[in-house]
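Below is one structure, written out as structure tokens, with a few remarks after it.
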Amino acid sequence: MSRPALRQWLGGDRMVIEGDAAARAPGVGGKAASLGRLVEAGFDVPAFVVLPSGAAFDPAVLDRLGPGPFAVRSSGLAEDGVAHSHAGQYDTQLAVQRDDVAAAVAAIAGSGRGEGAAAYREARGLGADEAPAVIVQVMVAATVAGVAFSADPVSGRRDRIVVSAVAGLGDRLVAGEVDGSSWWIDRVTGAVCASTGNADLLSLAQRAVLVDLATRVEALAGCAQDIEWAFAGDRLHLLQARAITSALRDVPIADPGVAVFDNSNIVESYPGIVSPLTFSFAQYAYARVYMSFVALLGVRADRVAETRTVFENMLVRVDGRVYYNLGNWFRALALLPGYALNRGYMETMMGVGAPLPPAVAATIGGVPARGAARWREWARVAAVGFGLVRAGSRLPATARAFRTRLDRALAATTPERLATMAPTELAAEYRRIEGDLLDRWDAPIVNDFLCMIAFGASRKLLERWLGAEGLEIHNDLLIGQGDIVSARPPKLIRAMGRVAADDPATLAALAADDADALALGPIGAMLASYIVEFGDRCTEELKLESVTLDEDPRTLHAAVLAAAQAPGTAPPEPRDPLARLDRGLAGQPLRQLVVRPLLRWTRTRVRDRENLRYERTRLFGRARRVFLSIGHQFHAAGLIDAPRDVFLLTVDEVLGAIEGYAASANLAGIAAVRRDELARAGRLPDPPERILVHGPAYTAAGAVAPVAVADHAAERSGTGCSAGQALAVARVVRDPRGQRLAPGEILVARHTDPGWIALFASASAIVVERGSLLSHSAIVARELGIPCVVGLAGATDWIVDGEVIAVDGATGLVRRMAG
């Protein structure tokens, strides 16, 4: 229990006030009164006594505080006020020894009459001040100290807490002699929005305690606070607090809205920073395609129209990265028949890694149907089921018609013709493709939906009936279909590598990226044919700003060179999964009757899913060419500073400038602002996979993923999706455009897309952080017979580049080999 507060005369004019008594005592000044209130409220303030203005010092008061050392501070009668803080106008002395306190008190008391303090008061129209009261306070042996602002005193934002710190005492930071390290922290989520200096000076726990301190002190004072603090080990001390007197913005109105942004699936298609043009194109495409899809499944046209904004906001962008707005995905899903019967099952089919927070789920609806409503819902489900069966039976014809329609739309204008078209012609070309294809994206979207159902159902049946062996059989049955288009590039690369291996001149040309020499050599025709067929396939191929192989074939040359240098290996020994299936289901003809047709159907759907996704690449490739041609025309007209600046604009800004509905004619200015914005976003650490947003979406900016904790475990498990084993050097690849894979190494990546296929040709195994059994990497790895593990969270942080690892593509086990 603390000692009672002391407020007593020591004789004559000798008076001291201790602790919380200062909260109500006259003549103690603003700083001491504030400290008294903080002590009274239970904050950990180092012990202190106050000598009121004009009071004489008696060394006996130090007996209340211990041996020292002490901090001796002023507490002017107008100091630390809401209007005028007087910060820096009075002296402070630190680490004062007991014998020197009397001299320090006299010096501090006299500082109120100094020239600096007088000038400060005169500039603000304040009268003369009395001598300040003096605080004598126990010094804290600080390991780290600094200031915390409960609002940003520079920007005036009240939704940001600013923490600055230095090692040891914080006096030099407060005096402005050193910059220290600083963090700008969202006061609601606790996320670090920005930081400078040594990020490790304060731990995550220490920052959280300081945010809580700033919030509580502000609540006590009733206004934004400038707080000095110090940690002595793990113990936080509050040294002083005063009002922030700089102009602050209005307090934001509390917003009850809540949303969830998640990129766990879409990051494979749109990794990293995404340009405004790509985002606006993808946002529009998603809206058009999925509105058509739910209509196909029986949702009435008026219901689709009513929820148009849901479809138009299925994607969001945070610090340049693309996320799913999960709430809107589920709102779209809730339109479908059957959602009200079993929401949990349909959420599972979507493959969401974690359930929606209750606050978000409550805004979606889809309350389980009861009574007669339940029967009506089942009737709608039956109607949709019949429609899906009919659509599935017609899918081969639908897919042929889709490809014919796509071929016709793309053949109508050649790439050479696009380069010579005028802006209005290019805009009309884009509108034509948009109308012909995006509104009629029937085959890919129906096949995707049926593939999801067939893949999940067949896998679940085999697991239930045959256990772990059933899962292996399921993987093996999806291998070697022979007509998956994504498997062709690595096979062609290996074929070119075999030819190049026998020709030293070709090897030299590949190493030098000599396109002219390669065109005349033995693989010249093969390279040209590859680029005609797969020129739009590149790393991050769905990002319109990505540079394609026909623009820059160097990654292709490197892949062919690696294939040429790879030792010859025998193809993987063929496995007979059907024989294993027959043995596993021997004597169970009914089960065989069910599972065999289902597996055949699944194989077809998986194959068509991957092949139809290639058609999407062709569409995006054409859009890229159209917009790049427009960029050249805009540059020629002086509207933008470089042709590729067109990617810094949105689709509406580009077409609006041509068709007349643009909100601004300053396209170069818009591009310059966006260029700076993307550069800043690129310097930020990667945001987390999932962001819980309280209030408007703009509050998600600056969210930071948790720092990976060092993991020295010898082995971890992901999802095995292509059987086989490999023991080799691991190569952690973050950008295939600038990194190479030596033949036989194991590729380790956060995610992959079709542009990574060139590396697949050299890999002995593949390990990917993201993805599922239906991911592109899993499908292609199965087709090529390469062991593959996906969904190994944190793999690129856990696995050390260059170390030897063992990969089991059947069980999903990855082991780091000691030494």
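Note the per residue figure in Å³ for the convex hull of the C-alpha positions in region 144-243. Numbers along the way, then the final one.
Working: hull volume 9.1 nm³, N = 100.
Given the Cα convex hull of region 144-243, per-residue volume reads 91 Å³.
Taking only the C-alpha atoms, wrap a convex hull around region 597-745 and report its volume per residue in Å³ as a whole number. Could you put the intermediate results ahead of the total?
Details: hull volume 38.6 nm³, N = 149.
Measuring per residue, one finds 259 Å³ for the Cα hull of region 597-745.
Counting DSSP beta bridges with both partners in region 675-795, what percentage is antiparallel, nearest 5?
Working: 3 of 12 bridges.
Just about 25 percent of them are antiparallel.
State log₁₀ I(q)/I(0) for region 715-816 at q = 0.11, 0.12, 0.20 Å⁻¹ as given by the Debye formula over alpha-carbon point scatterers of equal weight, solvent excluded.
-0.23, -0.28, -0.86
In degrees between 0 and 90, to the nearest 10, how far off the longest principal axis of the chain does helix 667-683 point, with axes built from Cα atoms?
80
Of the listed peptides 608-614, 502-508, what is their order by residue-averaged count of other C-beta atoms within 10 Å, with the highest listed first? If you can, show how the numbers build up before the last one.
On the way: 608-614: 19.7, 502-508: 14.6.
So the peptides 608-614, 502-508, ranked by packing, come out 608-614, 502-508.
Going by how many other Cβ atoms sit within 10 Å of their own, how do VAL16, VAL211, VAL767 line up, fewest first?
Details: VAL16 22, VAL211 19, VAL767 30.
Final ranking by Cβ density, sparse to dense: VAL211, VAL16, VAL767.
To the nearest 500 deg cm²/dmol, what mean residue ellipticity at 222 nm is calculated for the chain from DSSP H runs of n ≥ 4 alone, each contributing -39,500 (n - 2.57), summed and divided by the residues? Can you show the working numbers first?
Working: 28 runs with 352 residues, N = 819.
Using -39500 (n - 2.57) per qualifying helix, the result is -13500 deg cm²/dmol.
How would you rank ASP448, ASP735, going from fewest to most other Cβ atoms within 10 Å of each one's own Cβ?
ASP735, ASP448
Run through the DSSP bridge list for the chain and note the antiparallel percent, rounded to the nearest 5. Walk me through the intermediate numbers first.
Numbers: 74 of 83 bridges.
Rounded to the nearest five, the antiparallel share is 90 percent.
For the ranges 376-389, 319-332, what's the packing order if you count other beta-carbon atoms within 10 Å of each residue, average per peptide, and put the highest first? Provide the component values of the computation, followed by the final result.
Working: 376-389: 14.4, 319-332: 22.4.
Output ranking for 376-389, 319-332: 319-332, 376-389.
Given (i) 0.96; (ii) 1.08; (iii) 0.99, which label gives Rg/Rh (Cα atoms, Kirkwood Rh) as computed from the coordinates?
(ii)
Is there a quick way to get the dipole size of the chain? I mean about its Cα centre, with the Cβ of Lys and Arg at +1 and of Asp and Glu at -1; what is the value in debye to the nearest 20? Working shown, then result.
Numbers: 86 positive and 91 negative charges, 698 e Å.
Result for the chain is approximately 3360 debye, rounded to the nearest 20.
The numbers here are math on the coordinates, done by the rules we state, and not lab data. Bear in mind the structure is a predicted one, so any value in this text is a computation, not a measurement. Cβ coordinates were reconstructed from backbone atoms using ideal geometry, including for glycine residues, and neighbour counts include every protein chain displayed.
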